[in-house]
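First up is the structure itself, then whatever we jot down about it.
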Amino acid sequence: MTTALLKQPTQPTAVRKPNRSFVHGLLSNKKALTGMAVMLIFIALALLAPVLFPGDPSRITAMASLEPSTEHWLGTTAKGQDVLALTVHGSRSSLFVGLTVGIASTFIGILVGLASAYFGKFIDEALSLVTNVFLLLPGLPLLVILAAFLPPGLGTVILVLVVTGWAGSARVLRSQALSIRSKDFVAAAVVSGERAGRIMFREILPNMASIVMGTLLACVIYGIGAQAGLEFLGLGDVSTVSWGNNLFWAGNEGALLTGSWWVFVPSGVCIALVAFALALINYAVDEVTNPRLRKIKAPATPKNIERSAAK
């Protein structure tokens with residue numbers, strides 16, 4: 001009787017944690033919650049920018065180079081533009097470009113990686129050759145050359161960043177797809193006569209959800225940072241309002257030389273915060289999907305209860 005009573009507490013629900021769902025794991029991860037909270041704030045600001053600051057954010061509204069005050073919370077530029085309005089409106093372009101580049105680069109990487117891993121032989125060699133060529137090309141010079149010769153505009157920036165950013169994701173996804181391609185359930189699907197597209201997207205791809213998520217987040221970070229870098233060099237469309245163009249005009253107007261830190265710090269901090277938030281989510285995804293990084297609480301056995309009570 002005593003032995004039966006002692007064995008009852010050794011069957012807690014905590015043992016099921018390794019099999020919990022991916023979404024539940026993210027929602028219970030502090031890093032993921034912090035990153036998602038920061039991203040939701042920026043997305044909300046981007047969506048509400050026309051409501052918070054209606055009209056053209058580039059219009060001159062006050063005296064030039066005013067320090068932050070109650071009237072202008074982040075001061076004004078050397079032209080008399082409100083820095084807060086430029087920063088909030090700049091989030092729309094920067095987040096749009098980052099998300100578009102991330103989704104497009106990941107989509108191309110999925111297509112190339114799955115086709116290369118599944119078909120193999122000549123197709124694998126050809127796609128691997130193309131991927132290696134793009135990986136070996138120096139990224140920044142290629143970005144500068146393409147952006148300089150193509151007509152300026154938001155579409156050009158997105159096209160340039162996608163062309164130079166898909167190869168890394170394709171290489172990562174191909175290696176993951178190769179390991180899944182050799183599994184028994186894929187061989188069974190091939191033997192049963194399933195179509196190649198169905199096997200790749202219904203059998204292999206769902207088992208790559210975590211690596212696809214991590215690749216997507218990394219590509220979004222790359223898109224936001226690369227766009228800011230191109231526009232800071234003056235290779236973007238200077239007529240649009242974005243964080244990169246804010247930094248470009250701050251440099252051209254001598255904000256660094258005059259000590260007008262309030263002109264360039266907000267856009268730089270926004271880029272850093274978005275990248276930090278996405279990196280937190282990326283790390284959380286790795287924690288949830290990687291058993292070596294997952295923290296599992298020990299079962300509530302009588303010995304553990306006595307140890308916790310002694311502490």
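The values are calculated or read from the model by the stated rules, or taken from the named source; none is laboratory data. Quick caveat, the model's predicted, so the values are computed rather than measured. Positions of Cβ are generated from backbone atoms using ideal geometry, with glycine treated the same way; all protein chains shown enter the neighbour counts. In case anyone asks, the SASA skips ligands and DNA or RNA and just uses the protein heavy atoms, side chains included. Shrake-Rupley method; radii C 1.70, N 1.55, O 1.52, S 1.80 Å.
Please give the charge dipole size of the chain, origin at the Cα centre, charges +1 on K and R Cβ atoms and -1 on D and E Cβ atoms. Round to the nearest 20 debye.
Rounded to the nearest 20 debye, it is 1880 debye.
Ignoring everything except DSSP H segments at least 4 long, calculate the 222 nm mean residue ellipticity for the chain; use -39,500 (n - 2.57) per segment, divide by total residues, nearest 500.
On the way: 13 runs with 211 residues, N = 311.
Per the formula, -22500 deg cm²/dmol.
Would you mind pulling out the separation of the Cα centroids of the range 25-74 and the range 110-155, in Å?
After rounding, the separation between the Cα centres reads 35 Å.
Report the calculated FRET efficiency for residue 125 and residue 279 (r = Cβ-Cβ distance, R0 = 41 Å), to the nearest 0.05.
0.75
So what is the relative contact order for the chain, in percent, with contacts set as C-alpha pairs under 8 Å and at least six apart?
28 percent
Can you give me the % of accessible surface on the range 25-96 that is carbon or sulfur? Probe 1.4 Å, all protein chains present, nothing else counted. Let's see the in-between values first.
Values: 2810 of 3950 Å².
Reported share for carbon and sulfur atoms: 71 percent.
Ignoring any ligand, DNA or RNA, what whole percent of the accessible area of the range 107-264 comes from carbon and sulfur when the probe is 1.4 angstrom?
Details: 5580 of 7990 Å².
The computed percentage sits at 70.
If the chain between residue 196 and residue 142 were fully stretched, how many nm would it gain, using 0.36 nm times the residue separation less the Cα-Cα distance?
So the extension gain works out to 16.0 nm.
Order 36-43, 47-54 from most to least packed using the mean count of other Cβ atoms within 10 Å.
36-43, 47-54
Ranked from the most accessible area to the least, with a 1.4 Å probe and all protein chains present, what is the order of 121, 183?
Details: 121 170, 183 100 Å².
Ranked list, largest accessible area first: 121, 183.
With a probe of 1.4 Å, find how much accessible area the chain has per residue, and write the answer as a whole number in Å². Numbers along the way, then the final one.
Values: 17540 Å² over 311 residues.
Solvent-accessible surface per residue comes out at 56 Å².
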